[in-house]
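Quick notes on the structure that follows.
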Amino acid sequence: MTDTAKRPPSTSNVPGLSVADFDVCVETFVKLREANKISLFLTRNSTVRVIGDRNQFAIALTNSLGLDELQTDKANEFLGELRSIASIFLPSRNAEEVVTYLEKYQFETYLKQVSKDAEAKASFHATLRRKVDTVVAKLLSSTLLERAKRFVSAAGPTLEELDCEIVSQRHSWGDEEDVISPFLRLRLRYSEGADFRFPFRLPWMTGTNDAKSFELECDETDIDLLVSRLLEAKKFLSEALSAKVKAGEAPRA
């Protein structure tokens, strides 16, 4: 009869990435973020979204791991874990609350399976806390923290997404002919204060998207104007935040 009493806890069915793989994913994300190729975006209901090319992240991760086969599944698993951690942490700013919430709602099934294994539960808790601390320290910028803080008192419309599509031609009813003159149709999606319903919505949650939108036709001249004005606005905001830091109130809590 095989003695199983002294066997170490099995890690084959432990959900989530290993700490080693998670750390590589974080460093890969940081490098792409510094190159302005990927970033995190916080919506009004505290859902964190990844802005950028996920396939590019998977390619970079594959290179970081030194593997030949594209690590799409591992990249998506990391991005899911990252979004969950960030979506819970930003409203609460309490790392232990994040761990408790994930254990109760996302990993309840696994923890029931190891309910009698104190070592496995403690190890899993420590792993989750390690991941949360890493995300908070390396991936949650002061900008995101300030944004979460602002949403607490935000009363006006806030940006949710900006979509664009190319329109190559359309029919002119006045001249009864097709006009071929490509332009962009921008669709700005936003939410209003009254649309706020949940403290946060995690990646595995489902629900309706309450964002409203309006469309705007743009050519290169319009885009140049938008970019110019937005860069000016970003400079004004950066100066205001710098003044806040100098006054003794750092944006990062």
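Extending each Cα 7 Å along its Cβ direction at Glu69 and Glu232, get the distance between those two points in nm, one decimal.
About 5.4 nm, to one decimal.
Could you size up the charge dipole of segment 39-133 around its Cα centre, putting +1 on the beta carbon of Lys and Arg and -1 on that of Asp and Glu, and report it in debye to the nearest 20? Don't jump to the answer; show the numbers that get you there.
Details: 13 positive and 13 negative charges, 78 e Å.
Rounded to the nearest 20 debye, it is 380 debye.
From the backbone phi of segment 65-72, what are the Karplus-calculated ³J(HN,Hα) couplings (6.51 cos²θ - 1.76 cosθ + 1.60, θ = phi - 60°) in whole Hz, Gly and Pro given as x?
Values per residue, Gly and Pro as x: 7, x, 10, 9, 7, 4, 8, 5 Hz.
Picking from Tyr101, Leu159, Ala122, whose Cα lies most toward the positive end of the charge dipole for segment 67-188 (charges on Cβ: Lys, Arg +1; Asp, Glu -1)?
Working it through, the farthest residue towards the positive pole turns out to be Ala122.
Given the pairs Lys31/Lys112; Lys131/Lys212; Lys138/Lys212; Lys149/Lys235; Lys74/Lys121, which are separated by over 27 angstrom at their Cα positions?
Exceeds cut-off: Lys31/Lys112; Lys131/Lys212; Lys138/Lys212.
Show the residues, 5+ positions off or on another chain, whose built amide H is closer than 5 Å to the amide H of Glu160.
When sequence neighbours closer than 5 places are left aside, the close amide H contacts are Arg189, Tyr190, Ser191.
Every number here is computed from the coordinates shown, using simple stated rules; none is lab data. Quick caveat, the model's predicted, so the values are computed rather than measured. No Cβ is skipped: glycine too gets one built from the backbone with ideal geometry, and neighbour counts run over all protein chains shown.
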